1. Tell me, please, whether a residue that is touching a Leu at 6+ places or on another chain (Cβ under 8 Å) and more than 24 Å from F71 (Cα to Cα) can be found in region 106-115.
2. For residues that are out of contact with any helix residue (DSSP H, G or I) (no Cβ under 6 Å at 6 or more places or on another chain) and either polar (S, T, N, Q) or assigned to a helix (DSSP H, G or I) (or both), scanning just region 219-240, find the one that is farthest from V33 (Cα to Cα).
3. What about V183, is it surrounded by fewer than 17 Cβ atoms within 10 Å (Cβ to Cβ), within 16 Å of the chain's Cα centre (by Cα) and over 27 Å from A92 (Cβ atoms)?
4. Take the conditions under 15 Å from the mean Cα position of the chain (by Cα) and free of Cβ contacts under 8 Å to residues at least 60 places away in the same chain and apply them to G154. Does it pass?
5. From the list F168, F185, which one is more than 20 Å from V76 (Cα to Cα) and at pLDDT below 90?
6. What residue, of L222, L234, L188, L218, is surrounded by fewer than 19 Cβ atoms within 10 Å (Cβ to Cβ), in contact (Cβ under 8 Å) with a residue 12 or more places away in the chain and either in contact with a Cys (Cβ under 7 Å, 6 or more places away or on another chain) or not hydroxyl-bearing (S, T, Y) (or both)?
7. Where residues in region 126-165 are of a type in the set (D, E, K, R) and farther than 12 Å from G187 by Cβ, which of them is surrounded by the fewest Cβ atoms within 10 Å (Cβ to Cβ)?
8. So D204 passes all but one of these: (1) at pLDDT below 85; (2) farther than 30 Å from L26 by Cβ; (3) of a type in the set (D, E, K, R). Which condition number does it fail?
Amino acid sequence: MSYDSNNRWSASANTAIPQVGIDVGLRSYMLRVYNYMAGGLAITGVVAYFAAASGLYAQIARTPLIWVVVFAPLAVVFLLSYRLQKMSLGGAQAAFWGFAGLMGLSLSYIFLVYTGASIAQVFFITAATFLAMSLYGYTTRADLSRFGSFLMMGLIGIIIASLVNLFFASAAVQFAISVIGVVIFTGLTAWDTQRIKEMYWEGDGGEVAGKKAIMGALALYLDFINLFIMLMQLMGNRRD
């Protein structure tokens, strides 16, 4: 099997696997990625709701533990990013589900700050946008990697701007960050989907393929969550 300059895979004369079989395998792999992602989002949503409704988040917010809640998900992301190859598949799955739960706890404030109706509205807008861009990334023949470096630079930029704005609390800067963030995470959704698809063609199977599916799910999960947060900041209705 060969990879040409137009990013299309072509089977050589010696290839024994029919194209139909490859397509079925790819669909199965992508479905695994999306199932992991959907499961993570479900855990995050359930934990966020009950932590807010039970008052757990409000209690934690009054203590120094709030910083653990805020930064623990980031620590797990680094763990998965740099230690995944040395982890077992079960360990990687446990880390991903734990990460989703920690994210839910850290995002509980959304249910305390915004109305339930606006949360539901923005969630469906996020889901529709994500679905459209992920579908584009999956089906397009265009090479999106040329946009990847610009998207990553933009991502680093909004992270730095967000950290700086923690001290200045400028509404105008936050609005700009949210608008730019929507554009960046919309683009990253398509790019990450194409990257995940290309990872399948590397031909790894078994436990390695399972770990790749988890990393793919993590990337798409982060795209979805960050797009949702940016849209909430732009469109969410705050409680009185």
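The values are calculated or read from the model by the stated rules, or taken from the named source; none is laboratory data. Remember, it's a predicted structure, so these values are computed and weren't measured experimentally. Positions of Cβ are generated from backbone atoms using ideal geometry, with glycine treated the same way; all protein chains shown enter the neighbour counts.
1. no
2. Only one residue fits best here, namely I229.
3. Yes, satisfied.
4. Considered against the rule, which asks whether it is under 15 Å from the mean Cα position of the chain (by Cα) and free of Cβ contacts under 8 Å to residues at least 60 places away in the same chain, G154 comes out as no.
5. Just one listed residue meets the conditions, F168.
6. Just one listed residue meets the conditions, L234.
7. Ranking the candidates gives R141 first.
8. (2)
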